[in-house]
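Peer 1: Please see the structure below; I have some questions.
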Amino acid sequence: IWEAIWKSAILGTVQGLTEFLPVSSSGHLTLLQRVFGFDENSLMFVNIMLHFGTLVSVCIVFRKDILALFKKPFKTLLMLIVATVPAAVVGVLCNSYIDDAFAGEKGLLYLAICFSLTALMLLVTEMVAKRRKKHTELGWKNTISMGLMQAVALFPGISRSGSTIFAGTVAGTKPEKLAKFSFLMSIPVILGGFVLEMKDIIFPDESTELICGTNEIIGMVVGVITAAIFGFLAIKFMLKVISKANYKWFSCYLVLLSLTCFWLDALAVL
């Protein structure tokens, strides 16, 4: 039981922080799974609750903005739907291929490349944001570019928040509008991940051995609590980061992480 608790606590903390910090939650979870040798089937239950925990945190912070989506003229809601389409299409068509590639022999190398690409995007984002004098209102051009980058972020190591903030900044979006819309964009993506993993639980294929005992249930509870708490803290922190356009420390961290993955791949340790 203690093993289930510490595994869930680690994964919940990592998921909560990295889902909203521009460092890629999927990349970190993929790396952790390799480092700690977590069993994919036994963690499926916890992964569901990790998604649910981060969903809870973003809904709490942006509850007023979420309610405002359903008031006339519904423009922001429509832009949110359009911005979600690219990620939904790529996810449905390519998700299994992406998972297989990053779980395979060259997975660490792919992670290293993607982490370095995110680091580069964050550096460019900071340079553009600090040199820009004029900003534009959130419009279709901004949201479509953010939506396309969110689709790219389905690759582990490419940060969803980092890539959408990059696209919005390059398009000249006002920082406060950019921050809110980027986080609102995460809701359908996280919800989609939650639904897909629920599908695997309800309709498991022949290769999936599902075990749902006391340990897994306790793991769910620990995972959702830690993911929600650290997700909430990460969102609050990122709102300040975006307003100041200070991304270089995240970029430095990702460069170190990328070099670590290159090193581990070269040594064939994992």
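Peer 1: First obtain the Kirkwood hydrodynamic radius of segment 53-175 from its Cα pairs, then insert it into the Stokes-Einstein equation at 10 °C and 1.306 mPa s, and state the resulting D in µm² per second as a whole number. Mind showing how you got there, number by number?
Peer 2: Working: Rh = 16.0 Å.
Rounded, D is 99 µm²/s.
Peer 1: Follow-up question, since we're still on this one. Mind ordering 251-259, 106-114 by average Cβ neighbours within 10 Å, highest first? Let's see the in-between values first.
Peer 2: On the way: 251-259: 18.2, 106-114: 20.4.
Highest-to-lowest ranking by the protection proxy: 106-114, 251-259.
Peer 1: Please list, in order, the residues from segment 57-93 whose amide nitrogen is less than 15 Å from a point placed 7 Å along the Cα→Cβ vector of Glu176.
Peer 2: 65, by backbone N distance to the label point.
Peer 1: Give me the orientation-averaged projected area of the Cα convex hull of segment 135-186, in nm², one decimal. Numbers along the way, then the final one.
Peer 2: Details: hull surface 11.8 nm².
Quarter of the Cα hull surface area: 2.9 nm².
Peer 1: Run the numbers for Leu259 and Leu93: contour at 0.36 nm per residue of separation, minus the present Cα-Cα distance, in nm.
Peer 2: Working: separation 166, 0.36 × 166 = 59.76 nm, distance 3.05 nm.
Full extension from Leu259 to Leu93 adds 56.7 nm.
Peer 1: Same structure, new question: Which one, Val269, Ala101, Val82, projects farthest toward the positive side of the charge dipole computed for the chain from Cβ point charges (K/R +1, D/E -1)?
Peer 2: Val82
Peer 1: Give me the Debye-computed log₁₀ of I(q)/I(0) at q = 0.13, 0.15, 0.20, 0.22 Å⁻¹ for segment 45-125, equal point scatterers on Cα only, no solvent, two decimals.
Peer 2: Calculated log10 I(q)/I(0) at the listed q: -0.73, -0.94, -1.20, -1.18.
Peer 1: Give me the extension gain from Val82 to Ala68: residue separation times 0.36 nm, minus the current Cα-Cα distance, reported in nm with one decimal.
Peer 2: On the way: separation 14, 0.36 × 14 = 5.04 nm, distance 1.74 nm.
Separation in residues times 0.36 nm, less the Cα-Cα distance, equals 3.3 nm.
Peer 1: Collect residues whose amide H, placed 1.01 Å from N in the peptide plane, falls under 5 Å from the amide H of Thr173; neighbours closer than 5 in sequence don't count.
Peer 2: Hits under the 5 Å cutoff: Thr136.
Peer 1: Another question, if that's okay. Go through 175-185, 79-89, 155-165 and give me the packing order, highest mean Cβ count within 10 Å leading. Let's see the in-between values first.
Peer 2: Working: 175-185: 20.7, 79-89: 18.3, 155-165: 26.5.
The most tightly packed comes first, giving 155-165, 175-185, 79-89.
Peer 1: Quick check: at a probe of 1.4 Å, how many percent of the accessible area of segment 81-128 sits on carbon and sulfur atoms? Don't jump to the answer; show the numbers that get you there.
Peer 2: Numbers: 1820 of 2450 Å².
Taking all protein chains in place, segment 81-128 shows 75 percent carbon and sulfur surface.
Peer 1: Counting only complete DSSP H runs, which helices of the chain cover 30 Å or more along their long axis at the Cα atoms and score a mean Kyte-Doolittle of -1.0 or above? Spell out each step's value before the answer.
Peer 2: Working: long enough: 75-103 (39 Å, 1.43); 107-131 (36 Å, 1.53); 175-202 (41 Å, 0.99); 214-244 (45 Å, 1.51).
Qualifying helices, which must be both long enough and hydrophobic enough, are 75-103, 107-131, 175-202, 214-244.
Peer 1: Rounded to the nearest 500 deg cm²/dmol, what is the calculated helix-only ellipticity per residue at 222 nm for the chain, with -39500 (n - 2.57) per DSSP H run of length n ≥ 4? Kindly include the intermediate steps, with their values, before the conclusion.
Peer 2: Values: 11 runs with 210 residues, N = 270.
Helix contribution divided over all residues of the chain: -26500 deg cm²/dmol.
The values are calculated or read from the model by the stated rules, or taken from the named source; none is laboratory data. Keep in mind the model is a prediction, meaning the values are calculated, not measured. Virtual Cβ from ideal backbone geometry, glycine too; neighbours counted across all protein chains shown. These accessible areas exclude ligands, DNA and RNA; they are computed on the full protein's heavy atoms, side chains included. Shrake-Rupley method; radii C 1.70, N 1.55, O 1.52, S 1.80 Å.
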